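**Q** The structure follows.
The values are calculated or read from the model by the stated rules, or taken from the named source; none is laboratory data. This structure is a prediction, so every number in the text was calculated from the model and none was measured. Neighbour counts run over all protein chains shown; Cβ positions are idealised from the backbone, glycine included. What goes into the accessible areas is simple: the full protein's heavy atoms, side chains included, and nothing from ligands, DNA or RNA. Shrake-Rupley method; radii C 1.70, N 1.55, O 1.52, S 1.80 Å.
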Amino acid sequence: MSKLKIAIQKSGRLNRDSMQLLSDCGIRIDNSKDQLRASSENFPLEVYFLRNSDIPTYVQKGLVDIGIVGENLLFENDETEVRILRKLGFSKCRLSIAVPKGNSSTGLEELNGKSIATSHPKTLSRFLKANEINATIQVISGSVEVAPKIGVADAICDLVSSGSTLFKNELMETERVATSEACLIGGANVNSLKAEILTKLTLRIESVLKARNLKYIMMNVANENIPKVTSLLPVLKSPTITPLGMEGWSSLQTVIQEDRFWEVIEQLKDAGAEGIIVTKIEKIID
Ligand code: AMP
């Protein structure tokens, strides 16, 4: 039987979240360490564990059908012809320029005549050109953040998420060059059998990602307070309201964005909601 081939990062930041996404999609994979390839036992999917930077080429050449990579890799390999099928919402980061703390002049034009260390030379070069900045790019493959300290460059351009690496190395972020997150990529051609599997996989991914930001909440409300409580809840459709055994009271259930829930929790209580229960949603299928 035909199997869809997906490439994911062998080790590194994207590996764990990519495997978690497949697992949340109900796809079981035995990925014993040091394996190059693993097959799912309950979904027609074959997983190839590859070096992050090789994945776009494998996808482009059709050696695998799809892959999960950071968008930043596509900015850097702009000649590779792959399509983003869907952004996946994890490994969110930004490619930023940072200079040693204490630099008095932090404007973009201050980079004229300076050197910038980076592992993302093409993306940086495009950014500098677009902003008419004339700086030297020092290509470094790792530990870019130490470059200013050891005198290799005046500034760096690197991926940042929490900012803790910059903080530890006494650097401050001055310019955002690009933003990135993990995405599902595909090549130009997928045969019809595989296209069917891909449709099934993307439906599962959609339902998992949709559920990730949402919570299911239940609460008890005196009937006269239902309109007030309901008005605080931006719901998918309308809340489910069922009578409780106790006369004059109902159970109100709905789905809500987690951030929104924390914003309205106090107001819900003030409006008369009691016994609020919040639970995780695994999947939402429209
Ligand atoms: P690495 O495991 O360091 O090779 O990084 C693999 C991918 O993870 C990169 O191509 C980025 O898309 C992403 N990434 C790298 N650094 C960060 C970071 N600081 N925060 C979030 N994602 C990152």
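**Q** Criterion first (out of contact with any Phe, Trp or Tyr (no Cβ under 7 Å at 6 or more places or on another chain) and assigned to a helix (DSSP H, G or I)) does K283 satisfy it?
**A** Details: out of contact with any Phe, Trp or Tyr (no Cβ under 7 Å at 6 or more places or on another chain): yes; assigned to a helix (DSSP H, G or I): no.
No; evaluated as a whole, the condition is false for this residue.
**Q** For region 160-193, name all the residues that are away from the ligand (no atom under 11 Å from the Cβ), in contact (Cβ under 8 Å) with a residue 24 or more places away in the chain and not in a loop (DSSP other than H, G, I, E, B). Show your work before the answer.
**A** First pass over region 160-193, keeping only residues away from the ligand (no atom under 11 Å from the Cβ): 167-177, 184-193.
Now restrict to residues that are in contact (Cβ under 8 Å) with a residue 24 or more places away in the chain: 169-177, 184-191, 193.
The answer is L171, M172, E173, T174, E175, R176, V177, L184, I185, G186, L193.
**Q** So for region 237-257 (the condition being under 22 Å from the mean Cα position of the chain (by Cα) and not aliphatic (A, V, I, L, M)), does at least one residue qualify?
**A** Yes.
For (1) more than 25 Å from the chain's Cα centre (by Cα); (2) over 25 Å from P239 (Cα atoms); (3) among the charged types (D, E, K, R), each residue gets a yes or a no:
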position	(1), (2), (3)
E170	yes, yes, yes
V177	no, yes, no
A182	no, yes, no
G186	no, yes, no
T199	no, yes, no
L209	no, no, no
Y216	no, no, no
A222	yes, no, no
I226	yes, no, no
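**Q** Only one of S91, S104 is within 11 Å of the ligand (Cβ to nearest atom) and either small (G, A, S) or open to solvent by less than 60 Å² (accessible area, probe 1.4 Å) (or both). Can you tell me which? First the steps, then the outcome.
**A** Working: S104 fails: within 11 Å of the ligand (Cβ to nearest atom).
It is S91.
**Q** Also: Kindly provide the set of residues from region 9-42 that are out of contact with any helix residue (DSSP H, G or I) (no Cβ under 7 Å at 6 or more places or on another chain), polar (S, T, N, Q) and within 16 Å of the ligand (Cβ to nearest atom), ordered by number.
**A** Result: S11, N15, S18, Q20.
**Q** If you don't mind, another one. With respect to L201, is the statement that it is assigned to a helix (DSSP H, G or I), within 29 Å of I27 (Cα to Cα) and in contact (Cβ under 8 Å) with a residue 24 or more places away in the chain true?
**A** Details: assigned to a helix (DSSP H, G or I): yes; within 29 Å of I27 (Cα to Cα): yes; in contact (Cβ under 8 Å) with a residue 24 or more places away in the chain: yes.
Against the criterion (assigned to a helix (DSSP H, G or I), within 29 Å of I27 (Cα to Cα) and in contact (Cβ under 8 Å) with a residue 24 or more places away in the chain), L201 qualifies.
Here is a yes/no grid of residues against (1) away from the ligand (no atom under 12 Å from the Cβ); (2) under 20 Å from the mean Cα position of the chain (by Cα):
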| site | (1), (2) |
| --- | --- |
| Y48 | yes, no |
| P56 | no, yes |
| Q60 | yes, no |
| I68 | no, yes |
| I84 | yes, yes |
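**Q** A follow-up question, please. Going by the conditions given, is G142 assigned to a loop (DSSP other than H, G, I, E, B), of a type in the set (G, A, S) and more than 13 Å from the ligand (Cβ to nearest atom)?
**A** Numbers: assigned to a loop (DSSP other than H, G, I, E, B): yes; of a type in the set (G, A, S): yes; more than 13 Å from the ligand (Cβ to nearest atom): no.
No; evaluated as a whole, the condition is false for this residue.
**Q** Quick check on region 34-49. Is at least one of its residues touching a residue at least 40 places away in the same chain (Cβ under 8 Å) and closer than 30 Å to V139 by Cβ?
**A** Of region 34-49, the ones touching a residue at least 40 places away in the same chain (Cβ under 8 Å) are 43-49.
Checking which are closer than 30 Å to V139 by Cβ leaves us with 48-49.
Yes, that holds for at least one residue.
**Q** Residues in region 72-81: is at least one in contact (Cβ under 8 Å) with a residue 24 or more places away in the chain, surrounded by fewer than 16 Cβ atoms within 10 Å (Cβ to Cβ), more than 14 Å from the ligand (Cβ to nearest atom) and over 19 Å from A195 (Cβ atoms)?
**A** Yes - at least one qualifying residue is present in region 72-81.
**Q** For region 89-133: of the residues being in contact (Cβ under 8 Å) with a residue 24 or more places away in the chain and of a type in the set (S, T, Y), which is farthest from R212 (Cα to Cα)?
**A** Within region 89-133, the match that is farthest from R212 (Cα to Cα) is S115.
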